[in-house]
Amino acid sequence: MKTVSFRDSPSTRRVGKILCLGRNYEAHVLEMRASVLETPVVFLKPSTALLSSGFDVVIPPFARELHHEVELVVLIGRNGKKIPRTVALEYVAGYAVGLDMTLRDVQAEAKKGGLPWTVAKGFDTAAPVSSFVAPEAVPDPHHLAIALQVNGLTRQTSNTSKMILSIEQIIEYLSTVFTLEEGDLIFTGTPSGVGPVVPGDQLHAEIESVGFLEVGIRAEH
């Protein structure tokens, strides 16, 4: 069973579902030549995709193009179904920096055939996550600078204020489809600037008040 840790604390949480939102920053929607939909784009990653800071994302041999997507990650602290947005933040146990690593060539082929993105999004090491901080450490999760550097050069920079759906709206919607359980993670979407990484690259992702995440990239041997 995979777990996540808290910064400056020995406590850990077992991870359940990893729920991910697509198309939640308008600038990213535009760069992907997609459209904002009335119903949120949701996909899942298995817990086996989790990776801690300081380790390597491993490109599987069947893929040619790996992309980075920096995101704010929400940890669910208690079970809930059909959670009203007015109380949604009461279900949040922490925030972290995450990377939605995507095999873009595999995803593109799946899209052509109208097939799921599971392989492109859920391969082992596809979900790097930093240690979490308690909600009290984040004054306003909707006004946080978010950035990603590759080999010291900035690739992504934005602010969580630019999310189309707020965290409260995301939790409200997801909990109408899935029972949210303690230990579930929610990846809240990525801003613009996504792009390819190759073996040997070093990634540094950072979110104001939350922390940072560092991973390397290597090919599977």
Subset tally (residues that are over 17 Å from the mean Cα position of the chain (by Cα) and among the charged types (D, E, K, R)) for the stretch 146-199 = 3
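For the stretch 182-191, which positions are buried (at least 18 other Cβ atoms within 10 Å of the Cβ) and either among the basic types (Lys, Arg) or assigned to a loop (DSSP other than H, G, I, E, B) (or both)? Show your work before the answer.
So in the stretch 182-191, the residues buried (at least 18 other Cβ atoms within 10 Å of the Cβ) come out as 183-191.
Result: Gly183, Asp184, Thr188, Gly189, Thr190, Pro191.
I'd like to check something: does the stretch 199-213 contain any residue that is surrounded by fewer than 21 Cβ atoms within 10 Å (Cβ to Cβ) and within 17 Å of Leu21 (Cα to Cα)? Give the steps one after another, and end with the answer.
Taking the stretch 199-213 first, the residues surrounded by fewer than 21 Cβ atoms within 10 Å (Cβ to Cβ) are 199-202, 204, 206, 208-209, 211-212.
Subset that is within 17 Å of Leu21 (Cα to Cα): none.
Checked against the condition, which is being surrounded by fewer than 21 Cβ atoms within 10 Å (Cβ to Cβ) and within 17 Å of Leu21 (Cα to Cα), the stretch 199-213 yields no hits at all.
Could you please find all residues in the stretch 17-31 being at negative phi and crowded, with 18+ Cβ neighbours inside 10 Å? So that I can check it myself, show each step before the final result.
Our first condition is that a residue be at negative phi; within the stretch 17-31, this holds for 17-22, 24-31.
Within the stretch 17-31, Lys17, Ile18, Leu19, Cys20, Leu21, Gly22, Asn24, Tyr25, His28, Val29 meet the criteria.
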Of the conditions (1) polar (S, T, N, Q); (2) in a helix (DSSP H, G or I); (3) modelled with pLDDT under 95, Thr48 fails just one. Which one is it?
-> (3)
Yes/no for Arg13 being in contact (Cβ under 8 Å) with a residue 60 or more places away in the chain, crowded, with 19+ Cβ neighbours inside 10 Å and of a type in the set (Lys, Arg) = yes
Single residue of the stretch 149-181 satisfying the filter (within 30 Å of Val198 (Cβ to Cβ), buried (at least 19 other Cβ atoms within 10 Å of the Cβ) and of a type in the set (A, V, I, L, M, F, W, C)) that is modelled with the highest pLDDT | Val150
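How many of the residues making up the stretch 53-74 are under 11 Å from the mean Cα position of the chain (by Cα) and not in a loop (DSSP other than H, G, I, E, B)?
The first filter runs over the stretch 53-74 and keeps only residues under 11 Å from the mean Cα position of the chain (by Cα), leaving 68-74.
Still in the running and not in a loop (DSSP other than H, G, I, E, B): 68, 70-74.
Qualifying residue count, the stretch 53-74: 6.
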Unmet requirement for Ser209, which otherwise passes all of (1) touching a residue at least 12 places away in the same chain (Cβ under 8 Å); (2) outside any loop (DSSP other than H, G, I, E, B) | (2)
Would you please name the residue that is surrounded by the most Cβ atoms within 10 Å (Cβ to Cβ), looking only at residues in the stretch 50-81 that are in contact with a helix residue (DSSP H, G or I) (Cβ under 7 Å, 6 or more places away or on another chain) and under 16 Å from Glu172 (Cα atoms)?
-> Val74
If a residue has to be among the small types (Gly, Ala, Ser), at negative phi and out of contact with any Pro (no Cβ under 9 Å at 6 or more places or on another chain) to count, how many in the stretch 52-79 make the cut?
-> 1
Tell me, which residue of the stretch 82-104 that is in contact with a Phe, Trp or Tyr (Cβ under 8 Å, 6 or more places away or on another chain) and among the small types (Gly, Ala, Ser) is surrounded by the fewest Cβ atoms within 10 Å (Cβ to Cβ)?
-> Ala93
Any residue in the stretch 102-124 that's within 16 Å of Leu44 (Cα to Cα) and assigned to a helix (DSSP H, G or I): show its pairings with residues that are among the hydroxyl-bearing types (Ser, Thr, Tyr) and modelled with pLDDT of 95 or more at Cβ separation under 7 Å, as long as the two are six or more apart or on different chains.
-> Ala120/Thr102; Lys121/Thr102
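The values are calculated or read from the model by the stated rules, or taken from the named source; none is laboratory data. Just so we're clear, the structure is a prediction, and the values are computed from it rather than from any experiment. Heads up, the Cβs are rebuilt from the backbone with ideal geometry, glycines too, and the neighbour counts pull from every protein chain shown.
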